Amino acid sequence: MDFNLPMDLVTEILTRLPVKSLMRFMCVSKLWLTLISSRYFTHCFLTVSSPRLYMCLWDGNDYLNSEILSSGLPDATTPSAFLVDHDLTTPRMGRPVLQNLGGFMCYIYWNKPRIYNPATRQLVTLPFKKSDHVIVPPGAKKIVRYYFGYDALNHKYKVISSISVHLLQNMEVISSENWVFVLKGGRCSWKRAALTPPDFCPHVPCKMEGLCIDGVIYYMALLGPFEYVFVSFDVRSEEFNMIQVPRRDGDELLERFQNVGILEYGGKATLFDQTNLKDKGVVALWSVEDAGSKRWSCKNLVVQPSQRHLVNTITFNVKGTTQSGKVLLIPKDFVFPFHILSYDIQNNDMRKIEIRGIPDRWFSMDEESEVCVDVMFMDQSESVISSDFVSSLDWTEGDIQEPSIHSSLPISLSLPIL
C-alpha cells in the first residue's frame, strides 16, 4: 500500500531530524536531494530550536593544539551538568570562536576569517584582507579585526574587516579603514566601505568579539585613551555608524573594559559591565535604546545574597546570551572540575553548570602550556548546508580571490559548495 504524504508534512518531519540523518536522506531520491538542499528547507530547519553546548579548548602557546567538543541536552541524571562527548575537532581549526551566526562558528586562523559548520564539519576559509598599503610608523601597532553579520530579510551574510593603526604608548589612533567582503558565484573580493556619516571617526577595535542583531553588526572600539564607542554596520545598506559609550567613574583605566562584554538584551545591543561583580555582586547593563539619537539606558542588577559565593572568588568572561536570554559567564582560569554560570538577568537568577567529559590531557598540561577555554550555546546549532553561507554572500568587482573549502565528511555526504 502506498502512502502519499503532503510535501509540507514531509518537510515538517524532516526538520525534526538531526543533520546526519538528513545527509543520508539526500541520497534517497532527486526530489529529497532538491528539498533538503533548498534554501526554503534550510530556513525551516533553522526555525526549529536545537540548543547545543559547544566548548573550544586550545593551548595559548601552541597554535595547532586545539579541540572542539559538543554536548546535547543536559545530563538526564544531573540537570545542572552537560556532558561534552562529541569531538568536532577539524584540522586547522585554530583558536577561540569569535561569534556564532545561524549555526556557523566564526573565528580567525593565521589572520584569515573562517566559518565552520559543526553539524557537517565543513570549513570555509575566506581570503584575508591585505593591509600592506597601511603605513605603521615607529612606536605604533597595526590591528586587523573581522566581524560577521547576517540579514535575515534578504538572506545575506557579510564579513567586515577593520584595519587600524595606533600608538602603543598612549593608544592615540593614527588611522583606520573598513572593508566589506562580498562574493557571488564562487568569486570573492574585498571592497572599501563607502557609506560613513560625517561624525564617523578613525578608531581601534578593542574587542575581538562582535555581535549581530537584526542585520546590524556591532563591535566596541577606542577613539583615544579614554573614549569608547559602539561601531555599527548595517548588512543591508552597508552603512557604518558610531555611538559614544557613556563614561562612568573608573573609565580612565583601560583595563576596565576587559570586564565588559557585548551581548543582546531585549533585542538591543548591550554592554554587560561586571567590574563590580566579584567585589560587590553588582552588574551594570548599558543598552542602546535609540541608535538614531544615540540614547542609552542603564540598569543595575544585584546578585542574590544566596548566590554571591558563585562569583566572589572567580573572574569571568562574558560569552553572549542564549535564545532564552541567559548570559553565559566563563571562568578565565581553567580548573577541575570545570563549570560555567548561566545568569538569567530577567529574573536575576544565577545557576552553576558543570561541564563533564573534558579529556584529562587538558587538566595535566605542563607548565609551559597555557590552557584557554571558550564555551557557547547555539540555539540554532545545526545548519543543514554550510555552502549556504558561501552562496548567500553578495559580490562586487575588485581583487578576485578564491575561498578555500575543507570538509571532514565522507565524499558521499558532501554537497556542491559553489
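For the range 327-380, list the strands (runs of 3 or more DSSP E) that sit wholly inside it and hold at least 3 residues that are at negative phi, more than 20 Å from the chain's Cα centre (by Cα) and surrounded by 16 or more Cβ atoms within 10 Å (Cβ to Cβ); which are they?
349-356
Take the range 309-326 and flag every residue that is outside any loop (DSSP other than H, G, I, E, B) and within 15 Å of Gly261 (Cα to Cα).
Phe316, Asn317, Val318, Lys319, Gly320, Thr321, Lys326, listed by residue number.
Would you confirm whether any residue within the range 115-128 is open to solvent by 50 Å² or more (accessible area, probe 1.4 Å), out of contact with any Lys or Arg (no Cβ under 6 Å at 6 or more places or on another chain) and over 24 Å from Arg52 (Cα atoms)?
Within the range 115-128, none of the residues are open to solvent by 50 Å² or more (accessible area, probe 1.4 Å), out of contact with any Lys or Arg (no Cβ under 6 Å at 6 or more places or on another chain) and over 24 Å from Arg52 (Cα atoms).
Looking at the range 140-153 only, could you name the residues that are over 19 Å from Asn100 (Cα atoms) and either open to solvent by less than 50 Å² (accessible area, probe 1.4 Å) or among the hydrophobic types (A, V, I, L, M, F, W, C) (or both)?
Listed by number, the residues that qualify are Ala140, Ile143, Val144.
Please state which one of Leu73, Leu83 is at pLDDT 80 or above, open to solvent by 50 Å² or more (accessible area, probe 1.4 Å) and within 21 Å of Lys326 (Cα to Cα).
Matching residue, one of Leu73, Leu83: Leu83.
For the list (1) surrounded by fewer than 16 Cβ atoms within 10 Å (Cβ to Cβ); (2) touching a Leu at 6+ places or on another chain (Cβ under 9 Å); (3) in a strand (DSSP E or B), I need the number of the one condition that Pro137 fails.
Of everything listed in (1) surrounded by fewer than 16 Cβ atoms within 10 Å (Cβ to Cβ); (2) touching a Leu at 6+ places or on another chain (Cβ under 9 Å); (3) in a strand (DSSP E or B), Pro137 misses just condition (3).
Go through Lys156, Lys207 for me and flag whichever is under 13 Å from Val231 (Cα atoms) and crowded, with 16+ Cβ neighbours inside 10 Å.
After applying the criteria, what remains is Lys207.
Which condition number in (1) farther than 30 Å from Cys44 by Cβ; (2) open to solvent by 10 Å² or more (accessible area, probe 1.4 Å); (3) at pLDDT 90 or above; (4) not polar (S, T, N, Q) is the one that Val318 fails?
(3)
Restrict the check to the range 202-214 and report whether at least one residue is out of contact with any strand residue (DSSP E or B) (no Cβ under 7 Å at 6 or more places or on another chain), over 19 Å from Tyr150 (Cα atoms) and at pLDDT below 85.
No, the range 202-214 contains no residue that is out of contact with any strand residue (DSSP E or B) (no Cβ under 7 Å at 6 or more places or on another chain), over 19 Å from Tyr150 (Cα atoms) and at pLDDT below 85.
Show me the strands (runs of 3 or more DSSP E) found entirely inside the range 225-290 where at least 3 residues are within 30 Å of Pro305 (Cα to Cα) and at pLDDT 85 or above.
260-265, 268-273, 282-290
Can you confirm whether the range 180-202 contains a residue that is open to solvent by less than 50 Å² (accessible area, probe 1.4 Å) and under 25 Å from Asn259 (Cα atoms)?
no
Tell me, please, whether a residue that is more than 12 Å from Val375 (Cα to Cα), open to solvent by 70 Å² or more (accessible area, probe 1.4 Å) and assigned to a strand (DSSP E or B) can be found in the range 300-308.
Yes.
How many residues does the range 21-37 hold that are open to solvent by 40 Å² or more (accessible area, probe 1.4 Å), part of a helix (DSSP H, G or I) and without any contact (Cβ under 8 Å) to a residue 24 or more places away in the chain?
Residues flagged as open to solvent by 40 Å² or more (accessible area, probe 1.4 Å), part of a helix (DSSP H, G or I) and without any contact (Cβ under 8 Å) to a residue 24 or more places away in the chain within the range 21-37 amount to 6.
Residue check: is Val311 modelled with pLDDT under 90 and surrounded by 14 or more Cβ atoms within 10 Å (Cβ to Cβ)?
no
Conditions: (1) within 19 Å of Asp273 (Cβ to Cβ); (2) without any contact (Cβ under 8 Å) to a residue 60 or more places away in the chain; (3) in a strand (DSSP E or B). Tyr219 meets all but one. Number of the miss?
Result: Tyr219 fails condition (2) only.
Are there any pairs, at least 6 apart or on different chains, whose C-beta atoms fall under 8 Å, with the first in the range 288-307 and touching a residue at least 24 places away in the same chain (Cβ under 8 Å) and the second in a strand (DSSP E or B) and among the acidic types (Asp, Glu), and if so, which?
Short answer, once both residue conditions are applied: Trp296/Glu289; Gln304/Asp349; Gln307/Asp349.
Taking only pairs six or more apart or across chains, which ones have beta-carbon atoms under 6 Å, a first residue in the range 51-63 that is under 16 Å from Ile108 (Cβ atoms), and a second residue that is open to solvent by 10 Å² or more (accessible area, probe 1.4 Å) and modelled with pLDDT of 80 or more?
So the pair list comes out as Cys56/Asp374; Trp58/Ser66; Trp58/Cys372; Gly60/Glu370; Gly60/Cys372.
Mind checking whether some residue in the range 166-176 is open to solvent by less than 20 Å² (accessible area, probe 1.4 Å) and modelled with pLDDT of 90 or more?
Among the residues of the range 166-176, at least one is open to solvent by less than 20 Å² (accessible area, probe 1.4 Å) and modelled with pLDDT of 90 or more, which makes the answer yes.
Taking Thr78 as the residue in question, decide whether it is at pLDDT below 70, in contact with a strand residue (DSSP E or B) (Cβ under 9 Å, 6 or more places away or on another chain), farther than 22 Å from Ser342 by Cβ and surrounded by fewer than 14 Cβ atoms within 10 Å (Cβ to Cβ).
Judged against the criteria, Thr78 is not a match.
Can you confirm whether Leu46 is surrounded by 14 or more Cβ atoms within 10 Å (Cβ to Cβ), of a type outside the set (Val, Ile, Thr), within 29 Å of the chain's Cα centre (by Cα) and at pLDDT 75 or above?
no
The values are calculated or read from the model by the stated rules, or taken from the named source; none is laboratory data. Values in this document were obtained by computation on a predicted structure and should not be read as measured data. In this analysis, Cβ positions are derived from the backbone assuming ideal geometry, glycine residues included, and neighbour counts consider all displayed protein chains. Surface accessibility is based on the protein's heavy atoms, side chains included, excluding ligands, DNA and RNA. Shrake-Rupley method; radii C 1.70, N 1.55, O 1.52, S 1.80 Å.
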